[in-house]
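Below: one structure, written as structure tokens.
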Amino acid sequence: MKVLVIGNGGREHALAWKLVQSARVQTVYVAPGNGGTALDKRLHNIAYTDFEALADFAQAEKIALTVVGPEAPLAAGVVDLFRARGLRVFGPTRAAAQLESSKAFAKAFMKRHGIPTAQYETFTDAAAAHAYVDGRGAPIVIKADGLAAGKGVVVATTLAEAHQAIDWMLTGNSGDNKLGVQHNAGGARVVIEDFLEGEEASFIVVSDGRHVVPLATSQDHKRLLDADQGPNTGGMGAYSPAPVVTPNVHARVMHEIILPTIAGMTADGTPFTGFLYAGLMIDAQGQPRTVEFNARLGDPETQPIMMRLKSDLFELLMHATDGTLDKVELEWDRRVALGVVMAAHGYPLEPRKGDAISGLPPEAPDAIVFHAGTTLQDGQLVASGGRVLCVTALGDSVKQAQSRAYDTLASIRFDGAQYRSDIGHRAIRR
């Protein structure tokens, strides 16, 4: 069987790495891929990014399964196109992907279906948004209603930060749009919601539209700097499992958030198939509330999750596209997996490209370097994006996985590299 993975990030590298291990998979193509997938002799990068060209390729090569990694192609309707061409593809339709592509859609959906989340209001008018923030006070959360590669959220600890975020997100001048937001139809909108106290966790499931299979829990680190300081990013590291998701919390999340979401999407005429990611805030009493939905796997959560998955990913996704997930049980490595992101100089607002990368260690049974923002230029691996690498390792405890990951990272060099030294600190404190 041949498989196509759409995307070029760390998530897609990890998916391709796992898919090619399946006994039934002969070839994995990655479109367009990155430097890491180019260097892996088992994987094949293809240059296509146009959806019609990708569908033509999938038909010509008799691709058995296409897996869509990033949010932008999902929001643009690549799944709808592939289905219309009679191709087997895993991911949500454009309408279902609104759970991620429109924060306003997601919040209205949660309110309509009684899914626990923070109180919120939506604004297109900057003056009204500023007045609302003044009335609510800080800390408060400002979210762009559009795709921003995981950076369209500002957790404002002061009113000044909140007002600045509103101006950034509602500006009509794309040159001033520092967060790189792709606004939805109707122009710029922001969702302003109350700040939730607690500990964050990532809860990701596979859905075939009716049945769901939960993946291993995980927790990522959004802030750029140690001790959860600095600006929000797309994620500076992650580990799995997340101790904050106790068996009781797990049951509550399934009962109060995941299953009502899948049922609600079906009831609304937009059944959700694909990876559904619920970003959670879990308070001191163990009550989970939904911070956000993503319509795909998280990045960098995918990397440690794929390292722990012992079951065949290809078989899982074939069941998901057949509507038979009720027949699936997943097996997980009992060890902890932990990934540390190495980011480019200037990330998250102005990442520098072109810095040469050296010192990459070979893949080991308990450690692998997944590539995200890398490319090959005349045989030299260089940084080509904000998050460059995710150094991921297994260990019998969070502390051991952390030590193994940082030991693996120690030999890697590129100018201006940024990484946190405390990934996993919450779990270690526990």
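If the condition is being in contact with an Asp or Glu (Cβ under 8 Å, 6 or more places away or on another chain) and of a type in the set (Ser, Thr, Tyr), then segment 205-257 contributes Ser218, Ser240. Going by the structure shown, is Ala227 surrounded by fewer than 24 Cβ atoms within 10 Å (Cβ to Cβ), out of contact with any helix residue (DSSP H, G or I) (no Cβ under 7 Å at 6 or more places or on another chain) and of a type in the set (A, V, I, L, M, F, W, C)? Spelling it out, Ala227 is indeed surrounded by fewer than 24 Cβ atoms within 10 Å (Cβ to Cβ), out of contact with any helix residue (DSSP H, G or I) (no Cβ under 7 Å at 6 or more places or on another chain) and of a type in the set (A, V, I, L, M, F, W, C). Of all the residues in segment 2-15, those that are on the phi > 0 side of the Ramachandran plot and open to solvent by 10 Å² or more (accessible area, probe 1.4 Å) number 0. Take the conditions small (Gly, Ala, Ser), buried (at least 21 other Cβ atoms within 10 Å of the Cβ), assigned to a loop (DSSP other than H, G, I, E, B) and in contact (Cβ under 8 Å) with a residue 40 or more places away in the chain and apply them to Ala58. Does it pass? When the stated conditions are applied, Ala58 does not pass them.
Taken over segment 48-73, the residue count meeting the criterion of being among the hydroxyl-bearing types (Ser, Thr, Tyr) and touching a helix residue (DSSP H, G or I) at 6+ places or on another chain (Cβ under 7 Å) is 2. On inspection, Asn294 passes the criterion of being buried (at least 22 other Cβ atoms within 10 Å of the Cβ), polar (S, T, N, Q) and touching a Gly at 6+ places or on another chain (Cβ under 8 Å). Any residue in segment 256-270 that's in contact (Cβ under 8 Å) with a residue 24 or more places away in the chain: show its pairings with residues that are open to solvent by less than 10 Å² (accessible area, probe 1.4 Å) and not in a loop (DSSP other than H, G, I, E, B) at Cβ separation under 6 Å, as long as the two are six or more apart or on different chains. Going by the 6 Å Cβ cut-off, the qualifying pairs are Ile257/Ala278; Ile257/Thr290; Ile258/Val205; Ile262/Ser207.
What are the residues in segment 324-346 that are open to solvent by 20 Å² or more (accessible area, probe 1.4 Å) and more than 30 Å from Ser411 (Cα to Cα), if any? Residues satisfying the conditions are Thr324, Asp326, Lys327, Val328, Glu329, Leu330, Glu331. Somewhere in segment 415-430, is a residue in contact with a Pro (Cβ under 6 Å, 6 or more places away or on another chain), of a type in the set (Lys, Arg) and either buried (at least 16 other Cβ atoms within 10 Å of the Cβ) or part of a loop (DSSP other than H, G, I, E, B) (or both)? Within segment 415-430, one or more residues are in contact with a Pro (Cβ under 6 Å, 6 or more places away or on another chain), of a type in the set (Lys, Arg) and either buried (at least 16 other Cβ atoms within 10 Å of the Cβ) or part of a loop (DSSP other than H, G, I, E, B) (or both). Counting the residues of segment 347-402 that are open to solvent by 20 Å² or more (accessible area, probe 1.4 Å), within 25 Å of Gln219 (Cβ to Cβ) and of a type in the set (Ser, Thr, Tyr) gives 1.
The values are calculated or read from the model by the stated rules, or taken from the named source; none is laboratory data. Since the structure is predicted, the reported quantities are computational estimates derived from the model, not experimental observations. Don't worry about glycine lacking a Cβ; one is built from the backbone with ideal geometry, like all the others, and counts go over all protein chains shown. Note: areas computed on protein heavy atoms with side chains; ligands, DNA, RNA excluded. Shrake-Rupley method; radii C 1.70, N 1.55, O 1.52, S 1.80 Å.
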